[in-house]
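For reference, the structure is listed below as structure tokens.
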Amino acid sequence: MAEIRLEGVTKRYGAVTALDDVNLTIDTAAFTSVFGPPGSGKSVLLRILLGLEQVDEGKILINGQDMTFASPRERNLAMVFQNLALFPHLTARNNIAFPMRRRGTAETEIEAKIDELANVLSIGHILHKKPAALSGGERQRVAIARALIREAAVYLMDEPIAALDARLRDAMRVELKRLQSELGKTFIYVTHDCDEAMSVADKMAILENGHVAQVDRPDGIYAAPASVYVAELMGSPRINVLSGSQFADIIVESLKSLSESRVPQIQSGYPDCRIALRPEAVRLHQVSEQGANTACVSDIERLGAFAIVTVSKGGESLRSVSPGDIPLAVGDDVCLTADPDGILLFDPDNGSRLI
Ligand code: ADP
Ligand code: MG
């Protein structure tokens with residue numbers, strides 16, 4: 001178990017600044033996810049932590065000790081890489097056992113650990129096979145087992161379940177979270193999948209072009225994103241960031257009859273802000289009379305429990321999460337209102353959240 005701290009860590013490759021003054025504390029015995037779009041610096045951050053590459057500026061502290069220039073071995077961190085590197089000539093069992101055998105651990109202890117991990121990762125039935133005979137998902141789970149079998153201070157994972165199919169990914173998320181809490185180890189988990197980052201983590205760090213855009217509990221970030229960048233990354237379907245005034249006018253108009261505390265704030269902040277509205281806060285109603293606050297249904301995705309309805313007006317569009325059986329069809333006119341809790345206002349210049 002270990003606490004890791006990065007202080008002002010910067011890493012450059014020629015003209016590219018891959019990490020830009022990163023300050024981040026990874027808590028002991030917790031599950032931290034590092035989330036950001038491709039190219040935001042996630043893998044570089046892990047390589048720097050492992051000691052595979054050196055920082056240009058800043059410090060890395062492990063349990064308060066300066067490890068900035070320590071070798072990978074001294075840092076004692078275990079890693080599951082994005083690209084699997086299993087030994088092709090060894091069975092899954094021998095691949096998993098490899099790091100412990102190399103350290104001279106007793107065979108009985110190795111066998112007991114493999115059994116425990118095989119159980120958690122559902123790979124007991126494939127331990128006799130070699131990598132070529134395994135599916136991508138099976139290989140990934142064997143690689144995870146091989147990383148976890150080592151006693152390490154911290155376990156780092158770079159998109160460890162990206163290659164699995166959707167059903168298996170959902171199951172693995174739950175398993176990894178359980179594994180972390182049972183083992184009581186420090187996990188750092190990198191992913192570009194927001195649902196994954198939110199579901200596994202106690203704490204989430206969001207990267208934007210190599211710098212940390214926000215760090216908090218996932219629900220805290222969702223409720224109060226620091227910037228429009230973060231708001232657009234969190235949640236599916238994505239938040240509506242309005243480009244013009246067609247919907248903004250309707251939304252602010254629809255708040256007039258409400259007495260909730262946020263309404264005066266929103267009304268006074270608008271129209272000098274960028275206004276964003278969560279899809280689940282958009283309410284669609286039957287049109288009672290042809291009014292100014294109507295829009296036209298341009299698309300419906302029915303996904304069972306809910307439907308994503310896109311409405312359009314004057315060249316702008318807006319997504320709503322509505323009940324799966326909402327009686328609407330493409331081309332219908334609808335009236336829309338908004339739940340004030342789902343409205344966020346951002347600074348038009350720097351994108352920071354105002355309300
Ligand atoms: P991701 O968030 O997708 O894991 P990376 O951490 O791999 O992103 O990369 C962050 C940035 O650093 C990207 O712009 C990438 O092109 C650049 N980068 C990463 N590794 C190298 C390298 N060895 N040489 C040059 N540029 C690199
Ligand atoms: Mg990467």
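The values are calculated or read from the model by the stated rules, or taken from the named source; none is laboratory data. These numbers come from a predicted model, not from an experiment. Cβ atoms come from the backbone with ideal geometry, glycine included; neighbour counts cover every protein chain shown. Ligands, DNA and RNA are excluded from the accessible area calculation, which covers all protein heavy atoms including side chains. Shrake-Rupley method; radii C 1.70, N 1.55, O 1.52, S 1.80 Å.
With n ≥ 4 as the cut-off for DSSP H runs, can you work out [θ] at 222 nm for the chain, using -39500 (n - 2.57) per run divided by the number of residues, rounded to the nearest 500?
On the way: 11 runs with 106 residues, N = 355.
Here the helix-only value at 222 nm equals -8500 deg cm²/dmol.
Pull up all non-local amide H partners of SER227: gap of 5 or more, or a different chain, and H-to-H distance under 5 Å with H placed in the peptide plane.
ARG353
Can you tell me which lysines have their Cα less than 27 Å from the Cα of LYS113? Leave out same-chain residues fewer than eight positions away.
Cα-Cα hits under 27 Å: LYS129, LYS130, LYS177, LYS185.
Can you tell me the length gained on complete extension of the stretch ASP195 to GLU182, counting 0.36 nm per residue apart and subtracting the Cα distance?
Gain on extension, ASP195 to GLU182, equals 2.5 nm.
Quick one: length gained pulling ASN23 to SER71 fully straight, 0.36 nm per residue minus the C-alpha distance?
15.2 nm
Could you provide, to the nearest whole Å², the per residue accessible area of the chain with probe 1.4 Å? Please list the in-between numbers first.
Values: 16220 Å² over 355 residues.
Per residue, the chain has 46 Å² of solvent-accessible surface.
What full-extension length gain, to one decimal in nm, is calculated for ASP333 and ASP219 as 0.36 nm per residue of separation minus the Cα-Cα distance?
That pair, ASP333 and ASP219, stretches by 37.6 nm at full extension.
For SER312 paired with SER298, estimate the spin-label separation in nm (one decimal), with each label point 7 Å from Cα along the Cα-to-Cβ line.
With each label point 7 Å from Cα toward Cβ, the separation is 0.4 nm.
Work through the residues other than ALA166 whose Cβ is under 12 Å from its Cβ and net out their charges, Lys, Arg +1 and Asp, Glu -1.
Local charge sum for ALA166: -2.
Considering the options GLY36, PRO279, LEU86, tell which one lies farthest towards the positive end of the dipole of the chain, charges being +1 on Lys and Arg and -1 on Asp and Glu at the Cβ, about the Cα centre.
Ranked along the dipole, the leading option is LEU86.
Excluding VAL252 itself, what net charge comes from residues whose Cβ is under 14 Å from its Cβ, given Lys and Arg +1 and Asp and Glu -1? Write down the numbers at each step before the final one.
Details: positive: LYS256, ARG262, ARG274; negative: ASP249, GLU253, GLU260, ASP272, ASP339.
Here the charged neighbours net out to -2.
Among HIS89, HIS192, what's the order by accessible area (1.4 angstrom probe), most exposed first?
Order by accessible area, largest first: HIS89, HIS192.
When all protein chains stay in place, what accessible area (Å², nearest 10, 1.4 Å probe) is found for LYS59?
Per-residue accessible area (LYS59): approximately 90 Å².
Roughly how big is segment 122-198's charge dipole about its Cα centre, with Cβ charges of +1 (Lys, Arg) and -1 (Asp, Glu), in debye to the nearest 20?
The calculated dipole for segment 122-198 is roughly 360 debye.
What's the carbon and sulfur percent of the chain's accessible surface, probe 1.4 angstrom, rounded to a whole number?
49
Please report the spacing between the Cα centers of segment 33-53 and segment 192-212 in Å, no decimals.
If we compute the Cα centre of each part, the gap is 12 Å.
Can you check what the net charge comes to around THR10, using other residues whose Cβ is under 10 Å from the Cβ of THR10 (Lys, Arg +1; Asp, Glu -1)?
My count for the surroundings of THR10 gives -2.
Once the dipole of segment 4-229 is set up with Lys and Arg at +1 and Asp and Glu at -1 on Cβ about the Cα centre, which of SER199, ASN209, TYR155 lies farthest towards its positive end?
Of the listed residues, the answer is TYR155.
At 1.4 Å probe size, put PHE69, PHE247 in order of accessible surface, largest to smallest. Let's see the in-between values first.
Details: PHE69 165, PHE247 0 Å².
Listed by decreasing accessible area, they come as PHE69, PHE247.
Say each of LYS59 and ASN209 gets a label point 7 Å from the Cα, pointing the same way as Cα to Cβ; how far apart are those two points in nm?
In this crude label model, LYS59 to ASN209 measures out at 2.9 nm.
Out of all DSSP beta bridges in the chain, what portion is antiparallel? Express it as a percent rounded to 5.
The antiparallel proportion sits near 75 percent.
Mind ranking ARG167, ARG141 by accessible surface for me, highest first, 1.4 Å probe?
ARG167, ARG141
Using alpha carbon centroids, what distance separates segment 216-258 and segment 77-130, in Å?
With segment 216-258 and segment 77-130 each reduced to a Cα centre, they are spaced 46 Å.
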